[in-house]
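What follows is a single structure, written as C-alpha cells, with notes after it.
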Amino acid sequence: TDTAPIDEPVTTDTRRLIRLPGTLHGGSGLVVTPIDRADLDAFEPLRDAVPDRFVGRDIRIESDVERTVELNGERVLVESGRDTVPEFAGVFLMARGEARKAPER
C-alpha cells in the first residue's frame, strides 16, 4: 500500500479542515488556489495567489518597522509609521499582524 506522512497539527485542527477555493486565507490575505499536481512546480503563491480585487488600488497602513514585501511580482518598501502601499501588500501585512489600517484622512 502507498502511505504518506500525516501532518498531525493540521490534521487534528478543525479550523484547517476546509479551505474553500477562491476564499482568502486568513493568515496571508492570499486566494486559496487549487493547483494541479503538474502545475505545482511553476506555482508561486506570492505572485499567483494575490487577489485581483486588491490589485490597482492603494491603502494607508501603519507599521512599527520598515520592511520590504515581495508580492505580485513587485517589491514594495513599507516604511515605519503611516505609509500608502498597494492594497495587496497592506492586506498581506495586516493579515499577518505586521500592520494596521491607518485612519482615513
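Read the figures in this text as sums done on the coordinates, not as results from a lab. Note that the structure is a prediction, hence the values are computed from the model and not measured. Here the Cβ is made from the backbone with ideal geometry for all residues, glycine too, and neighbour counts use every protein chain on show.
Points to keep in mind about this one:
- Of all residues in region 92-104, those that are assigned to a loop (DSSP other than H, G, I, E, B) have Cβ atoms under 7 Å from Cβ atoms of residues that are not small (Gly, Ala, Ser), 6 or more apart or on another chain, in Ala99/Ile61; Ala99/Glu62; Ala99/Leu93; Ala102/Arg60; Ala102/Ile61; Ala102/Glu62; Ala102/Arg82.
- Residue list for region 46-88, filter: on the phi > 0 side of the Ramachandran plot and in a strand (DSSP E or B): Gly81
- Residue in region 43-61 that is surrounded by 14 or more Cβ atoms within 10 Å (Cβ to Cβ), in contact with a strand residue (DSSP E or B) (Cβ under 6 Å, 6 or more places away or on another chain), of a type in the set (Asp, Glu) and under 29 Å from Arg105 (Cβ atoms) present: no
- Near pairs, Cβ below 6 angstrom, 6+ apart or cross-chain, from region 35-50 (touching a residue at least 12 places away in the same chain (Cβ under 8 Å)) to any residue that is surrounded by 13 or more Cβ atoms within 10 Å (Cβ to Cβ) and of a type in the set (Phe, Trp, Tyr): Val50/Phe88
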